[in-house]
1. Counting only C-alpha contacts under 8 Å and six or more residues apart, can you give the relative contact order of segment 76-205 as a whole percent?
2. Quick check on the chain: helices-only [θ] at 222 nm, where DSSP H runs of length 4 and up contribute -39,500 (n - 2.57) each and the sum goes over total residues. Nearest 500, please.
3. Compute the acute angle (0 to 90°) between the alpha-carbon long axis of helix 203-213 and the principal axis of greatest extent of the alpha-carbon atoms of the chain; round to the nearest 10°.
4. Diagonalise the Cα gyration tensor of the chain and give the resulting equivalent ellipsoid semi-axes, square root of 5 times each eigenvalue, largest first, whole Å.
5. Test of understanding: ordering THR167, THR72 by Cβ neighbours within 10 Å, fewest first, what list do you get?
6. Which entries of LYS136/LYS271; LYS136/LYS259; LYS92/LYS178 have Cα-Cα distances beyond 31 Å here?
7. Translational diffusion coefficient of segment 1-130 at 4 °C, 1.567 mPa s, Stokes-Einstein with Kirkwood Rh over Cα pairs, in µm²/s as a whole number.
8. Based on the mean of other Cβ atoms within 10 Å per residue, sort peptides 195-208, 174-187, 105-118 so the most packed one is first.
Amino acid sequence: MAISPSHSLGQIIGYAMELAFFEIIKTSVSDGGYYVDRQGSRPARNYRKKVTWIDYNQNKHDLDFVIEKNGTDEVVGIPVAFIESAWRRYTKHSVNKAGEIANALIPLRLTYRGHNPFVGAIVAGEWTIGGLTHMKSQGINVVYIPVPVIVDAFKCVDVDFNFNEDTSTEDLQYQVDKWSSLSDEHKWSVVENLIKSTNPYFDDFIGELRTHLSRKIDRILIVPLYGDVLYAGTLDEAINVIHNFDAGLGYSQSLDLKKIEIQLRFTNLDKIDASFTSKQDAIQWLELNKSY
């Protein structure tokens, strides 16, 4: 089936946006030891191009960007941020897309709640207040970029993306053909324009992202089901407490441990709560989170 020129223009805009936003996100976390994954071949994904993560219902979600702690090309790290991006030319399509974004990000945040990941959406074009509010009300950090900012970025290569529903198919195809005829260097100049022109819209978003990623553990509460509340200042100290709390609390070795509740409290007031039925599982989880 032939792809309509209107759809092709949307794909071109989405392609340029993805490259620009990747550079902005990567630069913002470059000093923290983070890996920013995006669509493209990666050994850690068996060279699959899509960035796919699975939620607690075994639903697969193809994402635009995932920030991983300690990730590399060869190793999938801890997911600390899930970010989607989208372009919509008409508001009538934006409401459904806002729902799709939320339906991907919220289940993933719940699935990986042990890492309390940041969730964000970078949207450009025509979006209703209702669509934006729908995402924000669910704790999704949103960047909104108006149509003119995107359209202006393409003017440097004389491609006019200021189309509407009345624009003829011939005119749309003409712009698609002009883009296709450009060299890689000229296409990259559009990406550079997008990076420069959209950067100011990212100020709050990047600030929230950096605050989230730079949080430090303030204290750790450890609650064995048969015991009192214990406190630790670091993850290593918490692991030591769990190894030794039978003797430390004076409980008989014959008592069965039913559950361990662990609560991480961070300097930015975030919190992560986890529950385990064995010491070994609790210690493994703490070891996994030593990146904080």
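FYI, it's all coordinate maths here, none of it is from the lab. Every value quoted in this text rests on a predicted model; they were computed, and no experiment measured them. Using ideal geometry, Cβ is built from the backbone for each residue, glycine included, and neighbour counts are taken over all protein chains shown.
1. Values: 153 pairs, mean separation 30.6, N = 130.
For segment 76-205, the relative contact order is 24 percent.
2. Numbers: 9 runs with 123 residues, N = 292.
About -13500 deg cm²/dmol.
3. 30
4. Values: eigenvalues 424, 62, 55 Å².
Output for the chain: semi-axes of 46, 18, 17 Å.
5. On the way: THR167 15, THR72 12.
By the 10 Å Cβ count, ascending: THR72, THR167.
6. Numbers: LYS136/LYS271 20 Å; LYS136/LYS259 35 Å; LYS92/LYS178 28 Å.
From the list (LYS136/LYS271; LYS136/LYS259; LYS92/LYS178), the Cα-Cα distance tops 31 Å for LYS136/LYS259.
7. Details: Rh = 15.7 Å.
In µm²/s, the coefficient rounds to 83.
8. On the way: 195-208: 15.0, 174-187: 13.5, 105-118: 18.7.
Top of the packing list down: 105-118, 195-208, 174-187.
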